[in-house]
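Here's the structure, in structure tokens; my notes come after.
The values are calculated or read from the model by the stated rules, or taken from the named source; none is laboratory data. Keep in mind that this is a model prediction, so the values were computed, not measured. Every residue, glycine as well, gets a Cβ built from its backbone with ideal geometry; the counts of neighbours run over all protein chains shown.
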Ligand code: ATP
């Protein structure tokens, strides 16, 4: 049954940290809350966890209403059957790994034999069984985070909540843990809410992503939907590098500021002005007098900057009065004249702001 959030609000005086948001997370679904600092994602997670009192709306977990301030209902955290992992691992230094992981069960008064069995299983799932008797000070950061993960999954939670759990780990470990967290969550078959400001993390781990901005939901979708079909400049920009072409409409269709005609098949814009959003990998760089490819948009311009990145070079090109980025394997120098070829399906029309 997962999580159902309706019209959730958290106001601090005039500050609307969350401003009436609604979403559902199904059992087994992994959903990220993605957005810039201060957009309200942590507050949303803390409201679900019961660590923060919402000022409006409702939250239900696994079919049970856990928060409805208008009716004075607020179920305490420990009765919500959640597993939580935070950025600071929050493992207790004076307890062994085994004691840390068993702690939530001892608090609930579980029998010793039961605790031992469940702790063993949780430690096995996160690959820490061999370090059960160590103290946190004898563990690496990644291992401490695994202890936190084991503690979150012990006792069969109905939902898992993550607040930037990988931010303190180095890049390589972070990538490995992404796959592992997802594998564990899928295996448990419970819903997960994952707060992050890292777009790669959100895109690579999630079934769906909720992009937040200023306390509201900007767009919800699968990672591919959000990347390929953003509905606003904010989302286009937040989920990846993007070139934005200012367009105006006349009888013949859309034109750039310098009069180049543009055909765009994706997205929508109702007025006479729009932005055409295009990802760098969808802009083909052509040099010399190569034949124009039929059906594509062509913009002529000049390379302003080149940054060699190994698998490809990232070029900044000034063309048709705009600055666009393009990835290409060709070796070109700044100043070179180029033509940019873009398929109409790869230009997403967005409302002009
Ligand atoms: P970050 O990635 O930096 O943690 P976030 O998206 O998680 O950001 P929140 O921590 O949810 O953002 O905060 C949302 C907004 O609410 C921010 O503008 C913040 O300043 C404000 N806020 C949070 N807690 C309080 C509080 N106790 N009193 C007043 N304002 C608060």
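Report yes if some residue within the range 215-228 is touching a residue at least 24 places away in the same chain (Cβ under 8 Å) and in a helix (DSSP H, G or I); otherwise report no. Can you show your working first?
Filtering the range 215-228 for residues touching a residue at least 24 places away in the same chain (Cβ under 8 Å) gives 215-218, 220, 227-228.
Retained after the next criterion (residues that are in a helix (DSSP H, G or I)): 227-228.
So far as the range 215-228 goes, yes, one or more of its residues are touching a residue at least 24 places away in the same chain (Cβ under 8 Å) and in a helix (DSSP H, G or I).
Take the range 122-145 and flag every residue that is out of contact with any helix residue (DSSP H, G or I) (no Cβ under 8 Å at 6 or more places or on another chain) and either touching a residue at least 12 places away in the same chain (Cβ under 8 Å) or outside any helix (DSSP H, G or I) (or both).
Across the range 122-145, the qualifying residues are 137, 140.
Can you confirm whether residue 105 is touching a helix residue (DSSP H, G or I) at 6+ places or on another chain (Cβ under 7 Å), assigned by TED's automatic domain parsing to the domain that holds residue 164 and surrounded by fewer than 17 Cβ atoms within 10 Å (Cβ to Cβ)? Write out each step before concluding.
Values: touching a helix residue (DSSP H, G or I) at 6+ places or on another chain (Cβ under 7 Å): yes; assigned by TED's automatic domain parsing to the domain that holds residue 164: yes; surrounded by fewer than 17 Cβ atoms within 10 Å (Cβ to Cβ): no.
Here the answer is no, as residue 105 does not meet what is asked.
Would you check which residues across the range 1-43 are under 23 Å from residue 75 (Cα atoms), outside any strand (DSSP E or B), within 7 Å of the ligand (Cβ to nearest atom) and in contact (Cβ under 8 Å) with a residue 40 or more places away in the chain and list them?
Within the range 1-43, 40, 41, 42 qualify.
For (1) touching a strand residue (DSSP E or B) at 6+ places or on another chain (Cβ under 8 Å); (2) outside any strand (DSSP E or B); (3) buried (at least 17 other Cβ atoms within 10 Å of the Cβ), each residue gets a yes or a no:
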| site | (1), (2), (3) |
| --- | --- |
| 47 | yes, yes, yes |
| 65 | yes, no, no |
| 89 | no, yes, yes |
| 110 | no, yes, yes |
| 115 | no, yes, yes |
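Exactly one of (1) surrounded by fewer than 18 Cβ atoms within 10 Å (Cβ to Cβ); (2) touching a strand residue (DSSP E or B) at 6+ places or on another chain (Cβ under 9 Å) is unmet by residue 13. Its number?
Only one criterion is unmet by residue 13, namely (2).
Do you know which of the residues in the range 47-72 that are within 15 Å of the ligand (Cβ to nearest atom) and in contact (Cβ under 8 Å) with a residue 60 or more places away in the chain is farthest from residue 233 (Cα to Cα)?
49
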